[in-house]
1. If the only charges are +1 at each Lys and Arg Cβ and -1 at each Asp and Glu Cβ, what is the size of the charge dipole of the stretch 11-108 around the Cα centre, to the nearest 20 debye?
2. Keeping every protein chain present and rolling a 1.4 Å probe, give me the accessible area per residue for the stretch 68-108 in Å².
3. Could you work out the relative contact order of the chain? I mean the mean sequence separation of Cα pairs under 8 Å and 6+ apart, divided by the number of residues, in percent.
4. So which residue, out of Lys87, Lys30, Lys11, gets the largest mean-square fluctuation from a GNM of the chain using Cα contacts under 10 Å as springs?
5. Percentage of Cα-Cα pair distances in the chain greater than 21 Å, rounded to whole percent?
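The values are calculated or read from the model by the stated rules, or taken from the named source; none is laboratory data. If you're wondering where the values come from, they're calculated on a predicted model, not measured in any experiment. Cβ placement follows ideal geometry from the backbone for every residue including glycine, while neighbour counts extend to all protein chains displayed. These accessible areas exclude ligands, DNA and RNA; they are computed on the full protein's heavy atoms, side chains included. Shrake-Rupley method; radii C 1.70, N 1.55, O 1.52, S 1.80 Å.
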Amino acid sequence: ITYSTSSRLVKEDIEEIPYGLEAIKKLSAKKYKRTDGDKNDEIGFIADEVKTVAPQYVKEGKGFVNGNPVTDFKSLSMMRMIPMLVKALQEADDKIDALEARIKTLES
């Protein structure tokens, strides 16, 4: 088990993230086979597509594809996307609460 330091003591310029429910709705989870490995089915996102929605989650640079060097390699940390998913869930929950309150009012 590893832990990342997450204390407020080691952070500054803290602000809300701009990505939430609307960003999540624009993402498209995919099923695919990788060309650089065992060819098993995997599920995830395409970094190029995520970049158009939430570029902060995509790292770009040099890399290798099937042993060949490329200069436009993109990688994605799905773990780093968890805060966006949490914010989207919170926004959806707020909408559900508002709709439930509206229904209760209309039924009264």
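1. The dipole magnitude comes to about 460 debye.
2. Working: 3440 Å² over 41 residues.
Per residue, the stretch 68-108 has 84 Å² of solvent-accessible surface.
3. Working: 95 pairs, mean separation 26.5, N = 108.
Relative contact order here is 25 percent.
4. Residue with maximal mean-square fluctuation among Lys87, Lys30, Lys11: Lys11.
5. Distances greater than 21 Å cover 56 percent of the Cα pairs.
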